[in-house]
Amino acid sequence: MERQAFLCPLCNTPHNEELQPGTLQVKCKYCGGAILVPSRLSGLYIACPDHPESQSVGLCTSCGRSCCERCLYVMGGPPGATQYLCPQCINRALAKWTSPRPWDCLIGLSLVIIACGIAFLVYGSGARAIELSLNFMFWGVMLLACGLRGKTIRIGLPPTLREKRQEEERALKGSPGFTWAQCPHCGASYFYDSARIMSDRTVLCQNCDRRFSLAE
């Protein structure tokens with residue numbers, strides 16, 4: 001077995017576990033995503049089905065399809081619960097979440113409740129009938145408003161892995177005290193906090209644990 005360090009392409013956490021010869025994919029212990037071992041370690045280049053010119057970096061959480069960072073969508077959640085979905089699976093998920101059928105059922109139920117309230121008012125008598133009628137009509141109108149509101153909701157696509165990474169990089173670039181550097185030994189790029197930079201302008205790589213000098 002060989003211990004090789006590389007970054008998880010999904011969450012940028014160093015993966016320092018020992019790799020069996022011929023290992024093509026591993027699971028990140030931090031984000032829980034299924035990631036592909038870099039070709040420099042596995043010896044196999046797996047192209048993205050949608051972008052043949054790009055290397056696949058991870059697998060879809062739902063169907064296991066290999067994807068590059070441009071077509072792997074990030075469904076937010078706590079570490080270990082984040083989902084990474086391919087274009088086909090994210091479209092199916094959005095179609096399910098935005099389906100009008102549940103809202104149509106809610107609207108139908110609200111109309112039945114309103115009709116019951118009207119029936120109590122028309123055919124009932126006494127204060128009790130009026131009270132029931134008002135309660136039924138109140139909740140019927142509330143459910144009707146929720147159903148109509150639900151039908152207008154539109155959910156957009158979540159960010160891709162590349163878009164999420166670019167957003168994080170822009171946020172860090174605007175924050176004082178961070179320096180971007182690429183390790184000359186393993187090629188990993190990180191933003192380093194000023195507290196981690198030594199007085200001689202060297203820093204310990206977060207990926208391979210080797211010290212290197214920061215470019216001026």
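Table for the structure above
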quantity: Filter result (over 21 Å from the mean Cα position of the chain (by Cα), in a strand (DSSP E or B) and closer than 22 Å to Glu168 by Cβ) within region 1-59; calculated: Phe6
quantity: Count of residues meeting criterion [at pLDDT below 75 and part of a helix (DSSP H, G or I)] in region 145-161; calculated: 2
quantity: Index of the failed condition, Glu69 passing every other in (1) free of Cβ contacts under 8 Å to residues at least 40 places away in the same chain; (2) acidic (Asp, Glu); (3) not in a helix (DSSP H, G or I); calculated: (1)
quantity: Per-region count, region 162-216, residues within 23 Å of the chain's Cα centre (by Cα) and either modelled with pLDDT of 80 or more or in a helix (DSSP H, G or I) (or both); calculated: 12
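The values are calculated or read from the model by the stated rules, or taken from the named source; none is laboratory data. All values derive from a computational prediction rather than experimental measurement. FYI the Cβ positions are ideal-geometry reconstructions off the backbone, even for glycines, and counts take in every protein chain you see.
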